[in-house]
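**Q** Sharing a structure below in C-alpha cells format, with a few things to ask.
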Amino acid sequence: MAKFAYFRRSDVSSTRLSLGIGLFVAAVAAAAEASAQTGGAAARIEGPIVAGACRVRVAVTNPPAGADVELSVNGIFRRRQPIDGAARVTVALDGPLVAQDQVRVRIVAPNAVGDFTDPIDVAASDRAPEECGPGLATLLAGDGREPFWATGYIGAAVDNFAPAEVGGYLNPEAGGTSRMRFIAGVNFEFRMFGRPDSPVQVWLAGETLHGVRSADVDCTGETRPPVCGTIGGDPSKQFFYILQHASSLEAFIAPRVEFATLQRRTAFPSKVYATMRFGVMMLDGSVHDAFDTHHFGIGLLSTASDFEGSYLEVGWGRSDLFLAVPPTKRWRRLKIDGLLSFPFPGVNKIWRNAPNAFVQLYSDFDPSGRSSDSMQTFFGLDFDLKDIFRW
C-alpha cells in the first residue's frame, strides 16, 4: 500500500492545501448526514453468553430500512445479519464461542454505522458445544481479510530531502530544497495461495502512482483545475485530472510471502513477511524511457484494528534514477518504508464508507555515499476504488 507524492512547498497556497481540508470537511459533512439516518436505532445482546454457543440473540430498537446487525468477536471477526424490521435477531455463527471471547454488536444501515455496544464476555461452561457448522473457530484464528481488494488514493507529499530529479524537476528553475506534487493512484492485493487461517500466505500486490507538479498547475485563473481543492471539491474529478495531466508515473508489482503472525489473538495482529518489489519510474522530459527501481525486503503488516494496512518494511535493492560517482554496482540501495493508515477520529463510526487517511515516510539511501539519498513524506486519503467512480 505504498503511497508516493511530491509537492513544491514554495508554490503551495492556502487554496492548494485545501485539497486535503476540503476532502476532510466533505467527509465530516457526509458522515453527519449519514448519522442522522440512523435515528434512534439501537441494538443490544440479550442474556448471558456461555462457551459452546454458536447463536447470539440481539434485541433491536427502531431499525432503519435495509439495516443489518453486525457482530464482532474479539474485535477481529465480524458477521452481519439482516434485521428486516424484526425486534429480535438471532445471529448464527459457524462454530462455537469459547470462554473469554468478547462479543459486541452494532447497527449498520445504508451509508451509516452505529457505535458498537460494550463488550460481553463469554462465560465458561461445562455443557457440550451447540451443533453448528464448522468454521468460526478457524476464522477467528485467521486474519479476516478478503482475498482481493483494490483502493484508489489522492493526496500530496512534501519532498524535503530528495534530489530534484526524483520528482521530475530537471530544470534549475524548479529549484529549492522542498517540492510538492498532487498525486493519485491505485493499489490492489490478491491472495494467490492460502486461506485467512493459513500460517503461510502468498499475496500479489501492485500500485500505480501518477504525479502532477504543483508548479505546473495554475490555481489563480478564472477556470481552476479540480486539484486546486475548493471546499467540497469532487474527489473523482481530482483523481482523473491528476491521471490525465501526470508529469511522472511510478508502477510496481510485489509478490509477498507472509510466514508468521504476531499477537494473533489480540486486537492488533500483525504479519511478518518477505517480499520482492519490481518497479519502474517514468519522468516527463527524461531522455530515459524508464528507470528501474527494485528491492527485496522484510516487513511487518497490521491486518486488523483501526490501523489495518499499516506497515514497516526494510529492503535492499537498486534505484537507477541515482547514478553513483564513480559508476559502481547498482544493487547498493537501503530502503526503509513506513506507512500509517487510520480512520478519521469518529467519522468511520457513523459513515461506513469513509476514506482512511495515510501518512508515509519513504527513504532510499546509498550507505556508501557515492550517490544521492532520498527521503520523502507522503499523506492523503484512501478510498474504496468503487467510490472514486460513484462521486
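**Q** How high is the FRET efficiency between Gln102 and Ser198 when r is their beta carbon distance and R₀ equals 35 Å, given to the nearest 0.05?
**A** The calculated FRET efficiency here is 0.90.
**Q** Still on this structure, I have one more. Let's test the formula: R0 of 56 Å, r as the Cβ-Cβ distance of Ser305 and Lys237. What FRET efficiency results, to the nearest 0.05?
**A** E(calc), rounded to 0.05, equals 0.95.
**Q** Mind giving me the nanometre distance, one decimal, between the label points for Arg224 and Met276, set 7 Å out from Cα along Cα→Cβ?
**A** For Arg224 paired with Met276, the spin-label model returns 4.8 nm.
**Q** Next up: How much length, in nm to one decimal, is gained on full extension between Trp316 and Val257, taken as 0.36 nm per residue of separation minus their Cα-Cα distance?
**A** The span from Trp316 to Val257 would gain 19.6 nm if fully extended.
Read-outs: derived from the displayed coordinates by stated rules, not from any lab. Note that this is a predicted model, so its numbers are computed, not measured. Please note: Cβ atoms are built from the backbone with ideal geometry, for glycine as well, and neighbour counts cover all protein chains shown.
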